[in-house]
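Here's the structure we're looking at; comments come further down.
The values are calculated or read from the model by the stated rules, or taken from the named source; none is laboratory data. Values in this document were obtained by computation on a predicted structure and should not be read as measured data. Cβ coordinates were reconstructed from backbone atoms using ideal geometry, including for glycine residues, and neighbour counts include every protein chain displayed.
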Amino acid sequence: MKTLQDTCKLAVVQASPVLFNKEESLQKALRLLHEAAENGAELIVFPELFIPGYPFGMTFGFRVGCRQEDGRKDWKRYYDQSLTLDGPEVRQLADAAKSLGVFLSIGYSERDAVTGTLYNSNLMINPDGNVMNHRKLKPTGSERVVWGDADRDYFPVMDTPWGPMGNLICWESYMPLARTALYQKGISLYISPNTNDNPEWQDTIRHIAIEGKCYFINADMLIRKTDYPDNLYAAEEIAALPEIVCRGGSCVIDPFGHAVTDVVWDREEILYADLDMQKVPASRMEHDPCGHYSRPDVLELTVHEK
């Protein structure tokens with residue numbers, strides 16, 4: 001393991017996206033990115049699908065064997081607000097990270113520039129403006145109506161002064177072999193952009209931090225019923241949602257499973273933390289899941305990178 005810079009100054013942005021609006025979501029992300037950088041953050045993490053938001057509670061008119069036309073119109077609207085990896089919005093994010101000299105992680109709905117398929121994706125950008133993309137391996141449940149299975153960009157890992165950094169999106173973290181694929185790359189920083197505001201998730205993230213001997217960065221978002229555009233065709237579905245649709249729950253857990261920050265619920269906030277990176281190698285004395293505490297002669301994971 002390489003020598004790590006002693007401290008990582010982290011910011012986790014728990015905020016509401018501007019649903020179904022890529023330009024306003026982008027501008028909000030850029031404002032918050034500048035705010036966090038001005039407050040000294042070196043690594044700034046946003047939630048899952050921050051651009052153009054997570055359409056929580058919407059069915060897009062899909063029923064087994066039929067698709068309602070109004071639902072298709074809402075889906076096409078979301079499609080139009082999704083980003084291409086080589087598009088101007090991603091370039092603006094990369095340019096901002098470069099000008100501020102920070103590492104950035106942010107979730108977005110990606111539209112494949114060739115096929116048009118949407119993917120639930122996450123960007124990692126370094127201070128040189130270099131971009132790594134990760135597509136969610138398997139959309140969860142009815143998310144499959146909106147986004148496809150990843151066909152590339154499975155387990156990218158970015159070098160940082162604090163060790164290798166990777167991410168799994170939301171319930172990808174419930175895939176044990178996907179977690180192990182990151183552990184095999186020696187990650188020190190495990191980023192989880194998600195919309196998991198259920199209390200059980202708070203137990204999961206502690207387990208993963210202990211299991212992987214890494215910092216778990218839990219980046220959730222806040223979604224209110226009032227955040228939805230008032231001219232969507234799914235008005236009845238949205239009316240049935242609670243006033244706070246996704247409560248957040250962002251926090252940071254250290255490699256021993258201890259809380260570094262409080263858990264933030266029901267409000268927008270930027271969480272700041274100074275991560276003691278020497279805890280990562282120290283935590284691996286008794287248990288290194290892909291090193292001295294593994295049995296490669298008995299158990300072996302084969303990853304098909306693409």
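Taking residues in the range 270-296 that are under 28 Å from VAL12 (Cα atoms) and in contact (Cβ under 8 Å) with a residue 24 or more places away in the chain, and partners anywhere that are charged (D, E, K, R) and buried (at least 16 other Cβ atoms within 10 Å of the Cβ), the pairs with Cβ atoms closer than 6 Å and at least 6 places apart or on different chains are ASP274/LYS9; LYS279/ASP254; SER283/LYS213; ARG284/LYS213.
Going by what's in this entry, would CYS246 be described as at pLDDT 95 or above, over 19 Å from ARG284 (Cα atoms) and in contact with a Ser or Thr (Cβ under 6 Å, 6 or more places away or on another chain)? It is true that CYS246 is at pLDDT 95 or above, over 19 Å from ARG284 (Cα atoms) and in contact with a Ser or Thr (Cβ under 6 Å, 6 or more places away or on another chain). Identification of strands (runs of 3 or more DSSP E) wholly contained in the range 70-182 with 3 or more residues that are closer than 19 Å to ALA11 by Cβ and of a type in the set (A, V, I, L, M, F, W, C) yields 103-111, 118-125. Of a type in the set (S, T, N, Q), surrounded by fewer than 21 Cβ atoms within 10 Å (Cβ to Cβ) and either closer than 21 Å to VAL157 by Cβ or touching a Lys or Arg at 6+ places or on another chain (Cβ under 6 Å) (or both) - does that describe any residue in the range 82-97? Yes, the conditions are met somewhere in the range 82-97.
Scanning the range 105-145 for residues that are of a type in the set (D, E, K, R) and touching a strand residue (DSSP E or B) at 6+ places or on another chain (Cβ under 6 Å) yields a total of 4. Take the conditions (1) of a type in the set (Gly, Ala, Ser); (2) surrounded by 16 or more Cβ atoms within 10 Å (Cβ to Cβ); (3) under 16 Å from ASP6 (Cα atoms); SER250 misses just one of them, which is (3). Could you count how many residues in the range 157-190 are touching a Leu at 6+ places or on another chain (Cβ under 8 Å) and not basic (Lys, Arg)? The total comes to 20. Here ALA235, ALA273, ALA282, ALA239 are screened, and the one residue that is touching a helix residue (DSSP H, G or I) at 6+ places or on another chain (Cβ under 9 Å) and of a type outside the set (Ser, Thr, Tyr) is ALA239.
Consider the range 62-75 and keep the residues that are within 15 Å of ARG144 (Cα to Cα) and among the charged types (D, E, K, R). The one that is surrounded by the most Cβ atoms within 10 Å (Cβ to Cβ) is ARG72. Looking across the range 213-232 at every residue that is touching a residue at least 40 places away in the same chain (Cβ under 8 Å) and surrounded by fewer than 24 Cβ atoms within 10 Å (Cβ to Cβ), the one that is farthest from PHE103 (Cα to Cα) is identified as LEU232. One residue stands out among those in the range 266-296 that are over 19 Å from GLU35 (Cβ atoms) and of a type in the set (Lys, Arg): the one that is farthest from the chain's Cα centre (by Cα), which is ARG295. Of all residues in the range 16-66, those satisfying the criterion of being closer than 28 Å to PRO164 by Cα, of a type in the set (A, V, I, L, M, F, W, C) and not in a loop (DSSP other than H, G, I, E, B) are LEU26, ALA29, LEU30, LEU32, LEU33, ALA36, ALA37, LEU43, ILE44, VAL45, ILE51. Within the range 30-59, being within 23 Å of ILE244 (Cβ to Cβ), buried (at least 22 other Cβ atoms within 10 Å of the Cβ) and in contact with a helix residue (DSSP H, G or I) (Cβ under 7 Å, 6 or more places away or on another chain) holds for PHE46, GLU48, PHE50, ILE51, PRO52, GLY53, PRO55, MET58. For CYS246, the requirement of being under 22 Å from PRO52 (Cα atoms) and touching a strand residue (DSSP E or B) at 6+ places or on another chain (Cβ under 8 Å) is met.
Restricting attention to the range 256-306 and to residues that are surrounded by fewer than 16 Cβ atoms within 10 Å (Cβ to Cβ) and of a type in the set (Lys, Arg), the residue that is farthest from GLU211 (Cα to Cα) turns out to be ARG267.
Tallying residues that are closer than 22 Å to LEU32 by Cα and touching a helix residue (DSSP H, G or I) at 6+ places or on another chain (Cβ under 6 Å) within the range 197-228 yields 3.
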